[in-house]
Structures are given as C-alpha cells and as structure tokens.
Amino acid sequence: MHPDKLSEQHEAKEKCAVFGVSLRTEEAVGITYNGLLALQHRGQEGAGIAVSNNRNIVCRKDEGLVSEVFSGEELAHLPKGKVAIGHTRYSTTGQSCRENAGPFVTEYLTGRIATAHNGNITNAKEIRAELANLGLNFNATSDSEVVSSLIAYCINTEKNSLQGIAHAAGLLRGAFSLVIVTSKNKLIAVRDLDGFRPLCIGKNDIGCAVASESCALETCGFEFVRDVQPGEVIMIENGEITNQVTFKKEQETGEKTHGICIFEYVYFARPDSVIDNLSVYEARYNMGHALAREYPVEADAVCGVPDSGLDAAYGYSAASGIPLISGFVKNRYIGRSFIYPTQSKRDSAVRLKLNPLAANIKGKRIVLVDDSIVRGTTSEKIVKTLKNAGAREVHMRVSSPPFKHTCHYGTDIDSEENLIANNMSMDEICRKIGADSLGYISIEGLKDACKKCSLSFCAACFTGNGEEQFAMKNVFE
C-alpha cells in the first residue's frame, strides 16, 4: 500500500470508480465520459474508456484527470459504439503509470474483453503466478490486470461469458466491483460476496448503465433501479438485463463475512449518492447528530471541514442548536489532496485548498467537524489556522472512530505504527492538534447513523475485526 494520505485533512484513500453502459444508440463513449466526470472524486491518478463495436474493443487510457486524458480530439478517436466501460484510478497495488490505468483489455482464443475494477484483490499474487505458469503474459503491476486475465482464462475454459465470469469471481478474494465489456457487445456487472465496494444499476429509454455510485447514473440521465447485490453477476445486452447468476467461493478459506466499507458513508462517496438503500447525506447528517449527543459543548458556532465534514456539521448544529456557519473558503480548483500520490504534492495542495473565513470566526468558540484523523498533521494545521484567524476556542469533533488498523480491502490507511490513535491517548491527541476539546464518534454511534443500510458493515480499520488468512492453494485445483 502507499504511504498514508495527506499529512492532511483526509487521511484515507479510496480506490477507483467504474462506469459502464449498454445502449440501443451509439452514444456509449460520450455518456461514459460524463459518468467518469461525476465519479472523478474516487480517483485522479488515471482514467480510461473502452468501447465495443460488436467486432472489436478499442481502449484509450492515460494518467491524469478525466478531462485531461479525454480532450475532444481523444474522444473523437474512439469509435462509435453501443457498449462502453470507463475507469478512474487511485492506485492500491502497482505504481501510478499509464500501464496501470484501467480498463484492462485482454485477448483470448475466441474473443476480447475489457475490465474495470474498483477494490483490492488479496490473492492477486497467487493468481498471477498460476496464470503465468499457464503461459499468460502481464504488462502491468496492477491487480486489475490479473482480474481481467483470470476472467478471460475462465471464459475460454467455460466456453460461456456469464459462467466464466462467475467462475472467476469465485476464485477472487478481497474487494471487487467490476464492469466488463466483451467484443460481442455484452456488458457484465459483478460485485463481490461481501459487497465491500458499491455498484448500482440505472435505466432510461435508450438502455442501462452501471456505476460505482448512483450520482453518476443521475448525472447521465439514468433512473436508479437497484444496487448490484453481493455475489451477483448481471449481463446486459442491447440495453436490457438478459441474464443474472450468483456465485460462491470456489474454495472455502475460513474467511469472515464482512460487508460494505463503512467509510463509503463517512468520506468516500458523494453526498448525493444512495448506496444500499442509505443516502450518503443522511448518514453523515446522522453522524453529526450522534456527535452532538456523545460530545456536547458550549460554543458559538459549528463549521465543517469541506467537503465531507459539512454534512455532519449540519447534523451537529441541528442536534445541538448551535448555529451553523461557513468557516472556510475552498479553492475549487484544487483536487482532493489525499489522491495526490506524493507527499510534496499533497502538502502543497492542502496549503492552497482551504482559507478561513475570518469574519465568521473571530472571537467565537467554534465546533469544528471533520470526517477523520489518521496522523493528525492536517487537523493540527486546520485548528491552528482557525485560531490564527481569531477563533477563541476550537472544539474538534470527528465523524469516524479512531483509526487503529490497516485495511486489506482498498482503504489505504497508513501503517499502524504511524496512526496517531495507536500512539496517543485522546487527551494527548487533543493537545497535539491544539484543540480545546476532542471527540470521536463511537462505533455504536456510527453504525446507528448508518442503520438504514441494507447490508452489514466492514469497520475493521476501527475495530480490528478483519484479520484473515490470505494464503491460497492452487486457484485452479
């Protein structure tokens, strides 16, 4: 995994976004581009689009933002087609480079597929070694290339796209939401058995779309239909769902059952998304309510750290009766700093990103709401910034519990020895960041805030209840 995120405000990283469409018109490329723009918050290291024209798959991808990778000229170079998939990348395995950007195109004896993947495959090294022994070649270091190669191998051996993909999914361990396009114009969506990462389906008059978040469906004119269920493989042809199957693990490994990563609701997802029947905005608003109940304080104003602290700040203000103010002006031209892959870039981005609104802050006792503290360096800078702007007191409230554990499934938390909650008590952290008081939401309060979710949660980065044995036998036995 990469070193922890920013020394900064948001100290956890999510992994990628996927989008795909199957239409009855040849508008797939433009709609996929728009879908990726709506999902840009999930990764800024690279972007790619693969389109099928019922004979071949053409893919263009590169490092950078969606708008940088796909200028008007680049989009024009892609052929017209009715089926396309897209990907935005934040790297969990493999360095940031063009070769590791998605989607990945893989050829096999009877066809070609392109695969876009959100998640982290914990047995990727074992699968890669087995496939290499069978003569398959690899050009990148990403686990997503391994996934695409495994799927192609299984389709070839099963002689059936749907069954081959289901077989491959049963061999994978870890977190994966996949969209796959075949050279025969089939679009397939897959979600892992635990539902670690979100994936949903939308529909309109010209076809179907699949996306990591419902906000992208709505942006592109598709009505949300439902979430892809854990362990489900869905095939879409000519804009209609034509088949669906469920899969199971091909080998019993004694792994514990988890659920959707609860940090999707804390930070990763856009607030206008609905994931597994729960509004992200509502979840964050409820987190603020819980914080106000668990850590009340006398104060003059509540403000949130843009962007993912804002909705919890609304909830804290509503529950406490303390007025909500705008505490910062955000430079909208600076990206989410945690996504920048080097520390120097992250530091520079954070310094440029937020400026305190002194007219709202001076002389006041401020409740400052943010989504997380991982190493504490960002929180320290923000608290100092508020006090330099004239805040009389700053009371820090955090809408996630203390991070104490690393994650195998795609949340890029720093090594445990660098997590501030493992080295300091709450009082020591409070003094370290310069706050007048500090309160983290309890794990019970967090789960209660998300209780409308239709799935269970993985909260192992807070609780530690996620350690597993990842060693596998030959995956093809």
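The values are calculated or read from the model by the stated rules, or taken from the named source; none is laboratory data. Since we're looking at a predicted model, the values are computed, not measured. Methodologically, a virtual Cβ is constructed for each residue, glycine included, from the backbone with ideal geometry; neighbour enumeration extends over all protein chains shown.
Odds and ends about this structure:
- The stretch 183-206 residues that are farther than 26 Å from residue 120 by Cα, paired with ones that are of a type in the set (Ser, Thr, Tyr) and surrounded by fewer than 21 Cβ atoms within 10 Å (Cβ to Cβ) (beta carbon under 6 Å, 6 or more apart): 206/25
- If you filter the stretch 272-292 down to residues that are hydrophobic (A, V, I, L, M, F, W, C) and farther than 14 Å from residue 454 by Cα, you find that the one that is surrounded by the fewest Cβ atoms within 10 Å (Cβ to Cβ) is 290.
- Some residue of the stretch 75-86 being among the hydrophobic types (A, V, I, L, M, F, W, C), surrounded by 22 or more Cβ atoms within 10 Å (Cβ to Cβ) and under 21 Å from the mean Cα position of the chain (by Cα): yes
- Residue match in the stretch 435-446 (condition: in a loop (DSSP other than H, G, I, E, B), within 30 Å of residue 228 (Cβ to Cβ) and either modelled with pLDDT of 95 or more or not assigned by TED's automatic domain parsing to the domain that holds residue 367 (or both)): yes
- The single condition from (1) over 23 Å from the mean Cα position of the chain (by Cα); (2) farther than 30 Å from residue 439 by Cα that residue 225 fails is (1).
- Scope the stretch 40-60; condition crowded, with 24+ Cβ neighbours inside 10 Å and either under 14 Å from residue 87 (Cα atoms) or not assigned by TED's automatic domain parsing to the domain that holds residue 112 (or both); matching residues: 42, 43, 46, 47, 48, 49, 50, 51
- Residue among 224, 247 that is in contact (Cβ under 8 Å) with a residue 60 or more places away in the chain, over 30 Å from residue 329 (Cβ atoms), among the aromatic types (Phe, Trp, Tyr) and surrounded by fewer than 24 Cβ atoms within 10 Å (Cβ to Cβ): 247
- Failed criterion for residue 127 (all others in (1) touching a Pro at 6+ places or on another chain (Cβ under 7 Å); (2) over 24 Å from residue 236 (Cβ atoms) hold): (1)
- Applying the set (1) at pLDDT below 90; (2) in a loop (DSSP other than H, G, I, E, B); (3) over 30 Å from residue 404 (Cβ atoms) to residue 73 leaves exactly one unmet item: (2).
- Looking only at residues in the stretch 420-433 that are touching a residue at least 24 places away in the same chain (Cβ under 8 Å) and touching a Lys or Arg at 6+ places or on another chain (Cβ under 6 Å), the one that is surrounded by the fewest Cβ atoms within 10 Å (Cβ to Cβ) is 421.
- Within the option set 142, 148, 161, being polar (S, T, N, Q) and either touching a Gly at 6+ places or on another chain (Cβ under 7 Å) or over 25 Å from residue 231 (Cβ atoms) (or both) holds for one residue only, 142.
- Members of the stretch 293-333 that are part of a strand (DSSP E or B) and buried (at least 21 other Cβ atoms within 10 Å of the Cβ): 302, 303, 304, 328
- For the stretch 425-456, the candidate set comprises residues that are among the aliphatic types (A, V, I, L, M) and under 12 Å from residue 373 (Cα atoms); within that set, the residue that is nearest to the chain's Cα centre (by Cα) is 441.
- Pick from the stretch 382-417, criterion within 26 Å of residue 320 (Cα to Cα) and of a type in the set (D, E, K, R), ranking: surrounded by the fewest Cβ atoms within 10 Å (Cβ to Cβ): 384
- Count of the stretch 97-150 residues which are in a helix (DSSP H, G or I), under 20 Å from residue 84 (Cα atoms) and within 19 Å of the chain's Cα centre (by Cα): 4
- The single residue among 351, 346 that is within 30 Å of residue 258 (Cβ to Cβ), at pLDDT below 85 and not in a loop (DSSP other than H, G, I, E, B) turns out to be 346.
- Annotation note: of 392, 375, the sole residue that is in the same structural domain as residue 444 (by TED's automatic domain parsing), in contact with a strand residue (DSSP E or B) (Cβ under 9 Å, 6 or more places away or on another chain) and not β-branched (Val, Ile, Thr) is 392.
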